[in-house]
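What follows draws every value from the coordinates through simple rules; no lab data is involved. Values in this document were obtained by computation on a predicted structure and should not be read as measured data. Note that each Cβ is placed from the backbone with ideal geometry, even for glycine, and that neighbours are counted across all protein chains shown.
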Amino acid sequence: MTFGTHVIGPLGIDWATVRSTAPLPVPLAAGERAEPAWTVCVDAWRVPLGWHVETRDVSADAGPDRAGD
């Protein structure tokens, strides 16, 4: 899993995107849900007082060993 966490300023301006990754619990059947929650961390200095973070982008990749399956 790759997460794109956006640092949003007080006026709603997207100032930065911080990428992070976590392993995907596999295998998952088509339409199946995974219940774990992932913690996304951003350094405190990146989020000044009055700002907030939003994880807007999430993608999953089968990885190089599963490509083409």
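Determine the gain in length on full extension of the stretch Thr17-Ala34; use 0.36 nm per residue of separation and subtract their C-alpha separation, reporting nm with one decimal.
Details: separation 17, 0.36 × 17 = 6.12 nm, distance 2.49 nm.
Contour length minus the Cα-Cα distance gives 3.6 nm.
Please list, short to long, the whole-number percent of alpha-carbon pairs of the chain in consecutive 5 angstrom bins beginning at zero.
Per 5 Å bin, starting at zero, the Cα-Cα P(r) for the chain comes out as 3, 14, 22, 18, 15, 11, 9, 6, 2, 0 percent.
Out of Thr55, Thr21, Thr39, any idea which swings most in a Gaussian network model of the chain, alpha carbons joined below 10 Å?
Maximum among the listed residues: Thr39.
For segment 1-55, which trypsin sites (Lys or Arg not before Pro) are both in a DSSP coil and crowded by at most 16 other Cβ atoms within 10 Å? Don't skip to the answer; put the middle values down first.
Working: sites: Arg19, Arg33, Arg46; in loops: Arg33.
Hits after loop and neighbour filter: Arg33.
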